[in-house]
Structures are given as structure tokens and as C-alpha cells.
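Worksheet for the structure shown next.
Computed from the coordinates by the stated procedures, all read-outs in this text should not be read as laboratory data. As the structure is a prediction and not an experimental result, all values here were calculated from the model. Glycine also receives a Cβ, built like all others from the backbone with ideal geometry; neighbour counts cover every protein chain displayed.
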């Protein structure tokens, strides 16, 4: 199991319990669920709906790349090797990447 930092609302949030099977969509759902629990305003349906409207983006040296919801996040993270400290994974609304 691993722990990886993600930026959600411009704040670093560490997500733990990431395994080989954890997808980007799993991470998004976890981030939204944790945020909703703090505000205690969203229902389970709202969490699912909101997490589907977001996309994880890898940011490295000014280049951003949207990640597929089905991508295995641990494999992507490990592929960066020594550059991991320079890579930022952040969430944005998926509408920004639609044609």
C-alpha cells in the first residue's frame, strides 16, 4: 500500500491505502467523499456525481496531462521514479478537457 499527495482545492491531500488496483476515479471519489464529510452537506449520490465531473491531471514542469479515470494511479506514480517530487497531481472539472 502506498500514500500519494493530490491537490484538491489547491491544498495537498495525502491519500493512503493506494494499491495496484486503485484507479484515478477511486482517488477522485475518495477526495470528494472526504471533503463532503467535512462539510457534511453532500449525500452519497452527490459525492458520486461530483467525483465523475472531475479529472486528475498530472502536472510536471509546466505541462499538464489529464489522466483517464481507469488508469492505475500507483503504476503512474511509480513510473516517475526520482522525478516524483516534481510531479503534481491535481483535480479539475472535466469540462475543461471536453471538445
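Results, tabulated for the structure shown:
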quantity	calculated
Pairs, first at negative phi and in contact (Cβ under 8 Å) with a residue 60 or more places away in the chain in segment 47-76, second surrounded by fewer than 18 Cβ atoms within 10 Å (Cβ to Cβ) and in a loop (DSSP other than H, G, I, E, B), C-beta under 8 Å, six or more apart	74/19; 74/20
Selection from segment 52-83 of residues that are part of a helix (DSSP H, G or I) and either surrounded by 13 or more Cβ atoms within 10 Å (Cβ to Cβ) or touching a strand residue (DSSP E or B) at 6+ places or on another chain (Cβ under 9 Å) (or both)	52, 73, 74, 76, 77, 78, 83
Every residue from segment 6-26 that is buried (at least 16 other Cβ atoms within 10 Å of the Cβ) and assigned to a strand (DSSP E or B)	6, 7, 8, 13, 15, 18, 23
Subset of segment 45-71 (residues that are in contact with a helix residue (DSSP H, G or I) (Cβ under 9 Å, 6 or more places away or on another chain) and farther than 15 Å from residue 30 by Cα)	57, 58, 60, 61, 66, 67, 68, 71
